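The values are calculated or read from the model by the stated rules, or taken from the named source; none is laboratory data. In this text the structure is predicted, and so the values were computed from the model without any measurement. Ideal geometry is used to build each Cβ from the backbone, glycine not excepted, and the neighbour counts take in all protein chains shown. We work out accessible area using only protein heavy atoms, side chains counted, and drop any ligands, DNA or RNA first. Shrake-Rupley method; radii C 1.70, N 1.55, O 1.52, S 1.80 Å.
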Amino acid sequence: MSLYFSRLTLNPDPSTRALAQLLNPRNESEKADAHHRLVWTVFSDGTARQRDFLWRYDGKGRFFTLSARPPKAHDLFLPPESKAFEPDLRRGDRLIYTLRANATKDRRGAGGRDRRVDVVMDLLHAVPKEDRSTERIKMAQPAAEAWIARQGTLKGFAPVETFVDGYTTLQL
């Protein structure tokens, strides 16, 4: 299966700039939702399409995507810049990367059914409600280390160092 790495840059023309508050709202939850919908504009080709891309906003009007298909041109963006994603990785290679993730795990629920839970929020249930805001970021570091170590075991890599620089919950 081929993958594509693409850079999508918001079109600087006046018609796109007129939508700036809609495309890039100040509220973080609204921004995440707007950006998600915006990136979908270059990958959607029907109502039945399942998401087959990852994306990241760089804060400067650019989105980076990794996808199974190249993005389509759209007036809100300059022409997409895409290339085949073909990393030449070998045993022993060391990588440095930045990851934004919704770290979850399966938790056995009532009736024996599994459900997805946020790894930090799962730890916070044992903390009194009045202390959760101060404990959240402290718990994020060990929770992230354990989560990325589990991912490494499953996917064949070993993290050397994990650093958490924030933890945010968004209402979508």
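Kindly report, to the nearest 10 Å², the accessible surface of S133 as traced by a 1.4 Å probe over protein heavy atoms only.
About 80 Å², rounded to the nearest 10.
Give me the lysines in straight-line cross-link reach of K138: C-alpha distance below 24 Å, same-chain residues under 8 apart excluded.
Once the sequence-local lysines are set aside, what remains near K138 is K105, K129.
In region 86-149, which trypsin sites (Lys or Arg not before Pro) fall in coil by DSSP and have 14 or fewer other Cβ atoms within 10 Å?
Hits after loop and neighbour filter: R90, R91, R94, R100, R113.
Please give the helix 132-155 orientation as an angle from the longest Cα principal axis of the chain, in degrees from 0 to 90, rounded to the nearest 10.
It is inclined by approximately 80 degrees.
How do L19, L38 stack up against each other in accessible area, from largest to smallest, with a 1.4 angstrom probe?
L19, L38
Sort V160, V39, V127 by heavy-atom solvent-accessible area, probe 1.4 angstrom, most to least.
If we order V160, V39, V127 from most to least accessible, we get V160, V127, V39.
Counting only protein heavy atoms and using a 1.4 Å probe, what share of the accessible area of region 10-138 belongs to carbon plus sulfur, as a whole percent?
C and S fraction of accessible area: 51 percent.
Suppose only helical runs count, i.e. DSSP H with n ≥ 4. What mean residue ellipticity at 222 nm does that imply for the chain under -39500 (n - 2.57) per run, divided by all residues and rounded to the nearest 500 deg cm²/dmol?
Per the formula, -9000 deg cm²/dmol.
Apply 1/(1 + (r/R0)^6) to the Cβ-Cβ distance of E161 and H36, taking R0 = 22 Å, and write down the FRET efficiency to the nearest 0.05. Can you show the working numbers first?
Values: r = 30 Å, r/R0 = 1.34.
Computed FRET efficiency for E161 and H36 comes out at 0.15.
Whenever you get a sec, line up E145, E135 from highest to lowest accessible area (probe 1.4 Å, protein heavy atoms).
E145, E135
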